[in-house]
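> Have a look at this one.
The values are calculated or read from the model by the stated rules, or taken from the named source; none is laboratory data. Here the structure is a predicted model, which is why all the values come from computation and not from measurement. Glycine also receives a Cβ, built like all others from the backbone with ideal geometry; neighbour counts cover every protein chain displayed.
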Amino acid sequence: MPLFRYHRGSLEESMKTIIEVNSLDDLKKKLSEEYGETNLTCDFYCFDKRINWDTYMIRSNGDIIGFSDGELK
């Protein structure tokens, strides 16, 4: 199951926020209380060798909200 972590000030802080998600729609439902109606996008960012993730950037209406360890569709 893909993992999602919020964008935070440091990697250590970000890793403390990891949750499992099934899809971009699933993540959207989980974030709806905090962000309201949102248009999420998922784009490849980089391979992060610190945590061995193929890292995908998750944006909400253009703003970076976090990262996933795989492509969310």
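> Taking segment 4-17 as the search range and keeping residues that are in a helix (DSSP H, G or I) and touching a residue at least 24 places away in the same chain (Cβ under 8 Å), which one is nearest to Ile65 (Cα to Cα)? Walk me through how you get there before you give the answer.
First pass over segment 4-17, keeping only residues in a helix (DSSP H, G or I): 11-15.
Then drop every residue that is not touching a residue at least 24 places away in the same chain (Cβ under 8 Å), which leaves 11, 14-15.
Working: Leu11: 14, Ser14: 11, Met15: 13 Å.
Per the criteria, the residue is Ser14.
> Got a number for residues in segment 26-44 being assigned to a helix (DSSP H, G or I) and under 12 Å from the mean Cα position of the chain (by Cα)?
5
> Between Ser23, Ser14, Ser32, Ser10, which is hydroxyl-bearing (Ser, Thr, Tyr) and at pLDDT below 95? Quick ask: steps written out before the conclusion?
Numbers: Ser23 fails: at pLDDT below 95; Ser14 fails: at pLDDT below 95; Ser10 fails: at pLDDT below 95.
Residue meeting the stated conditions: Ser32.
> Is there any pair linking a residue in segment 18-31 that is on the phi > 0 side of the Ramachandran plot to one that is at pLDDT below 95 and surrounded by 15 or more Cβ atoms within 10 Å (Cβ to Cβ), with Cβ under 8 Å and at least six apart or on different chains, and which?
none
> Continuing with the same structure: Quick one: what pairs do we get from segment 49-61, first residue surrounded by fewer than 17 Cβ atoms within 10 Å (Cβ to Cβ) and modelled with pLDDT of 95 or more, second outside any strand (DSSP E or B) and hydroxyl-bearing (Ser, Thr, Tyr), C-beta under 6 Å, 6+ apart or different chains?
none
> Restricting to segment 36-48, and then to whatever is among the hydrophobic types (A, V, I, L, M, F, W, C) and surrounded by fewer than 16 Cβ atoms within 10 Å (Cβ to Cβ), can you tell me which residue is farthest from Glu12 (Cα to Cα)?
Restricting to residues being among the hydrophobic types (A, V, I, L, M, F, W, C) and surrounded by fewer than 16 Cβ atoms within 10 Å (Cβ to Cβ), the top hit is Phe44.
> While we're looking at this one, here's another question. Is it true that some residue in segment 39-59 is of a type in the set (A, V, I, L, M) and in contact with a Pro (Cβ under 7 Å, 6 or more places away or on another chain)?
The answer is no, given that none of the residues of segment 39-59 is of a type in the set (A, V, I, L, M) and in contact with a Pro (Cβ under 7 Å, 6 or more places away or on another chain).
> Take Phe47 and decide whether it is in contact with a helix residue (DSSP H, G or I) (Cβ under 8 Å, 6 or more places away or on another chain) and not in a loop (DSSP other than H, G, I, E, B).
Against the criterion (in contact with a helix residue (DSSP H, G or I) (Cβ under 8 Å, 6 or more places away or on another chain) and not in a loop (DSSP other than H, G, I, E, B)), Phe47 does not qualify.
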